[in-house]
1. List the relative contact order of the stretch B:1-147 as a percent without decimals, with contacts defined as Cα pairs under 8 Å and 6+ residues apart.
2. Which value, in debye to the nearest 20, gives the size of the charge dipole of the protein assembly as shown about its Cα centre, when Lys and Arg are +1 and Asp and Glu are -1 at the Cβ?
3. Which whole number gives the average, over all residues in A:137-148, of C-beta atoms from other chains lying within 10 Å of the residue C-beta?
4. Quick one: of the DSSP bridges fully inside the stretch A:117-269, what percent are antiparallel, nearest 5?
5. Please list the non-local residues whose amide H lies under 5 Å from the amide H of A:ALA62, H modeled 1.01 Å from N, same-chain partners needing a gap of 5 or more.
6. For label points placed 7 Å from Cα toward Cβ, what is the shortest-first list of nm distances from B:ASP255 to its copies?
7. Spelling out what I want: for every residue of the stretch B:55-72, take phi, set θ = phi - 60°, compute 6.51 cos²θ - 1.76 cosθ + 1.60 (Karplus), and round to whole Hz; glycine and proline get x.
8. In nm, what is the difference between 0.36 nm times the number of residues separating B:ASP187 and B:LYS12 and their Cα-Cα distance?
Number of protein chains: 2
Amino acid sequence: MLFGGIEAGGTKFVCAVGDEKKNAIKRTQIPTTIPEETLARVIRFFEGFELDAIGIGSFGPADVHPKSPTYGMLTTTPKTAWRNVPLMQRIHDRFRVPVGFQTDVNAAALGEAAFGAAQGLDSCLYITVGTGIGAGAVIHEKLLHGLSHPEMGHILVRRHPNDEYPGRCPYHQDCLEGLASGPAIEDRWGEKGVLLKEREEVWKLEGYYIAQALMQYILILSPQKVILGGGVMKQELIWVHIRQYLKELLNDYIDFPQLSSRMDDYIVPPQLGDDAGVKGALVLADQARQEAKGRGD
Amino acid sequence: MLFGGIEAGGTKFVCAVGDEKKNAIKRTQIPTTIPEETLARVIRFFEGFELDAIGIGSFGPADVHPKSPTYGMLTTTPKTAWRNVPLMQRIHDRFRVPVGFQTDVNAAALGEAAFGAAQGLDSCLYITVGTGIGAGAVIHEKLLHGLSHPEMGHILVRRHPNDEYPGRCPYHQDCLEGLASGPAIEDRWGEKGVLLKEREEVWKLEGYYIAQALMQYILILSPQKVILGGGVMKQELIWVHIRQYLKELLNDYIDFPQLSSRMDDYIVPPQLGDDAGVKGALVLADQARQEAKGRGD
Ligand SMILES: Nc1ncnc2c1ncn2[C@@H]1O[C@H](COP(=O)(O)OP(=O)(O)O)[C@@H](O)[C@H]1O
Ligand SMILES: Nc1ncnc2c1ncn2[C@@H]1O[C@H](COP(=O)(O)OP(=O)(O)O)[C@@H](O)[C@H]1O
Ligand SMILES: [Zn+2]
Ligand SMILES: [Zn+2]
């Protein structure tokens, strides 16, 4: 059995061919330019393999609702050349095998659940703090998906009394993403996050907001592991503040070592690093194959 | 096949014997006095039936973690006569059949998912606003349970700028439960909720907090139906304010009719009314039977 995995990102596409254990037997990176060029190279990479199914974890906004007319398409993405590109359909038309399609963060969550920091656990939450804030939850090997896919980046947080930055979410102004995404950090402090490394107050405030979000996620979902990825989380100072604020907020309400003495082992960075997405895409491929089989396709 | 269902409440125990479709063929209510007396009456009710399994939805705090040494017990409950009573064990010792044990709100969620407002859907969220605020989520016929069971009543909300009530949660002071439970309403306004019916400002503020909670729950869990029960929700005025604030908060961010024109059909009261808990207990019984069978007991 052979699977194809595609992590379709705004700057690059990571592609892999995986064996039935989802070990990558071939892998490549293709820069994201215009759709025709990038997709032609993606297709060329997979040619010559007898794939049983393909999984795609895509940048967005992308439509991941199977019943929607625009399912499998990039919709209102800021990368204008990619707007309304039927990514899933293009791949399906070429290879004629089941194709699974999900958001990039959901794919990364699946990858970490199957092979990374949450391997062997029943549930995990994967959060990315980067250009946007998004999260995916895996429960019993499946992605959480109800009415819509979760939109956890837009939850409400309490503003810090000294924070005068108004927030930049076009829908909610000062929701979590509006206050704590990478671009919000840059806006508030006047410099890119990567250049603010030594400014403790920056990462303290960032930890203040992320800790609140984790409190809500943990009380509502109770995941067995919380994985924090994305560019902003590369700042080491944040981690200390997140854990400290979260302990204060929870105030020993939930009596589990994961939320007190062993928090370092509960709130962790991705174990697969940059491979979480493409590994998860291989898992998506397998799930698409099994679903198609279940339907008798 | 016969199932026993027990909704163990702080004021009364509702018991039912259900057939294999979980239709109640016999039902009773027993007042909650001291454990010896109440449990003797519960046991007497079920005697004479060849039960295949029993389900209990219990008031709390109760320990619902199968691996815990106090599993199946009421723990630090304010009803002191019931502290440390091994409720599940007592029932099991007498009937020697598989016993499922859950919180009351989780049982009600299961009942509404199987037979009530969320029948036929893949997921639902059941929230109770009463002496405490609690919620249970059902996803693919199973209760959401990860590290711990969810503790959704204690999430953070943004205080209303004119609300000077400090909140009464012993852990978090002004978390949702601290600001919006029945006792918080009584504390803040100096009278029981049931006597404040005509005071629009009471229910507007209550709606303000509950709408925020629903925003977080919906963005994080994305349930296909949201059911609001408990004594406080009997106030009709709240419903209007909840839906109105929630629409403002979401600001069309999620483009689903359930969250705009059809919100009345998305955020609803329990359909089973006071029977949600005992119906859910019958579902728990069946799940306990199937799990025991899976383990080969
Ligand atoms: N090392 C870093 N420290 C702080 N901020 C960073 C770092 N790397 C990237 N960022 C910020 O994170 C955002 C990009 O997020 P990233 O996760 O790298 O990509 P994306 O979310 O676009 O996939 C930008 O706003 C950038 O300024
Ligand atoms: N009709 C009502 N209107 C407003 N508040 C009510 C009403 N009925 C009960 N309450 C309040 O709800 C709380 C009791 O919640 P309830 O759901 O009835 O029971 P419990 O949560 O104890 O199982 C009390 O604080 C009570 O004042
Ligand atoms: Zn937002
Ligand atoms: Zn609290």
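1. 17
2. Numbers: 62 positive and 74 negative charges, 155 e Å.
In debye, rounded to 20, the protein assembly as shown gives about 740.
3. Average neighbour count from other chains, rounded to a whole number: 5.
4. Numbers: 11 of 17 bridges.
Percent antiparallel among DSSP bridges in the stretch A:117-269 is about 65.
5. Result for A:ALA62 returns A:THR75.
6. 4.9
7. Per-residue couplings from phi come out as x, 10, x, 10, 5, x, x, 10, 8, 10, 9, x, 8, 7, x, 9, 3, x Hz.
8. Numbers: separation 175, 0.36 × 175 = 63.00 nm, distance 2.51 nm.
Length difference between fully extended and current span is 60.5 nm.
All of the numbers you see were taken from the coordinates with simple rules; none came from a lab. These numbers come from a predicted model, not from an experiment. Cβ atoms come from the backbone with ideal geometry, glycine included; neighbour counts cover every protein chain shown.
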